[in-house]
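Written below as structure tokens is the structure these notes are about.
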Amino acid sequence: MTNKTVVRGRRLAPWAGFTFMLTKLRRFGSRALSCCRSWIQAFRRHSLEEKDIHITMGKLFYGSQTGTTTGVARKIRKHLNGLISEVKSIQYAQPHELAACDFLVLGGATYGDGELTDDWKRFWPLMDSISFAGKRVALFALGDQFGYSYTFASGMKQLYDKVSDSGGQVIADCIPTADFEFTQSESLVDGYFIGLVIDEVNQPELTEKRIRAWASIVRQQLALACTA
Ligand SMILES: Cc1cc2nc3c(=O)[nH]c(=O)nc-3n(C[C@H](O)[C@H](O)[C@H](O)COP(=O)(O)O)c2cc1C
């Protein structure tokens, strides 16, 4: 009778230890590699966000006569969170403050016969000293569609012309007129508003929704401009 030792399982070759170590190292290596990859991706994403914010950080300047626009400007800031560092009445603004921004939100209420507010009118001669070349500018206007149906939100057009003529790029300038009822507005190009239009007199309940929709277009167009 032969004395045999029964070994359960596979017989281990002399180099088995080395292969085992190699497998472990390979597994560890691929995990480390995938970790590195996700770190690199996160780093890239972070750098892009930093770049976006750096490029697009802007300020909002507004004109108002009786204060309604101040509240709207604050709401706009909330919706453009991270892109607007300051909201300021044009009454207290200096040209160099606008000149220093590569992204601006400009707007205000409409008065007279579809004109800008008095504070904008006082600031207006100083606009010539500002070059808008290379700047992205989003516009907004307040108006009363029923009370001033022929000049509804028309003041914004003056801002649009000034910025465009000075080489600036007006963004979010193709806003549908849906839900508004008015006869005429200077602030239309090809049937679309050249910026955000708000009617706090007749439709305050739509203000938040309108700002949200417009702000999302502003964000998209700024992001496109940054990655272009
Ligand atoms: C004397 C006067 C003239 C106005 N002219 C216009 C106009 O031409 N077009 C328009 O859409 N709204 C016009 N409005 C409405 C204002 O733009 C609207 O009430 C706005 O919300 C006021 O904003 P504010 O309180 O910031 O000044 C006029 C209002 C007044 C009192």
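The values are calculated or read from the model by the stated rules, or taken from the named source; none is laboratory data. Note that the coordinates shown come from a computational prediction; the quantities given were computed from them, not determined experimentally. For neighbour counting, all protein chains shown are included, and Cβ atoms are generated from backbone atoms with ideal geometry for every residue, glycine included. Keep in mind that these areas ignore ligands, DNA and RNA; they rest on the heavy atoms of the full protein, side chains included. Shrake-Rupley method; radii C 1.70, N 1.55, O 1.52, S 1.80 Å.
Calculate what fraction, in whole %, of the accessible area of the stretch 56-227 sits on carbon and sulfur atoms when a 1.4 Å probe is rolled over the protein chains. Mind dumping the intermediate values first?
Working: 3740 of 7660 Å².
Taking all protein chains in place, the stretch 56-227 shows 49 percent carbon and sulfur surface.
Quick one: Debye curve from the C-alpha atoms of the stretch 109-187, no solvent, what's log10 I(q)/I(0) at q = 0.19, 0.22, 0.23 Å⁻¹?
Evaluating at q = 0.19, 0.22, 0.23 Å⁻¹ gives log10 I(q)/I(0) of -0.83, -1.03, -1.09.
Going 7 Å from the Cα of residue 149 in the Cα-to-Cβ direction, what parts of the stretch 166-209 have a backbone nitrogen less than 15 Å from that spot?
Only 180-185, 202 fall inside the zone, counting backbone N under 15 Å.
Tell me the label-point distance for the pair residue 96, residue 217, using the 7 Å Cα-to-Cβ offset, in nm and rounded to one decimal.
So the two model labels end up 3.5 nm from each other.
Any idea how many Lys pairs in the stretch 56-227 come in under 18 angstrom at the alpha carbon, given 8 or more places apart or on separate chains?
14
Tell me the label-point distance for the pair residue 118, residue 206, using the 7 Å Cα-to-Cβ offset, in nm and rounded to one decimal.
3.0
Considering only DSSP beta bridges with both partners in the stretch 56-227, what is the antiparallel share in %, to the nearest 5?
Around 15 percent of the beta bridges assigned by DSSP in the stretch 56-227 are antiparallel ones.
Taking N as the number of residues in the stretch 79-228, what is its Cα Rg relative to 2.2 N^0.38 Å? Provide the component values of the computation, followed by the final result.
Values: Rg = 14.7 Å, N = 150, 2.2 N^0.38 = 14.8 Å.
Computed over Cα atoms of the stretch 79-228, the ratio equals 1.00.
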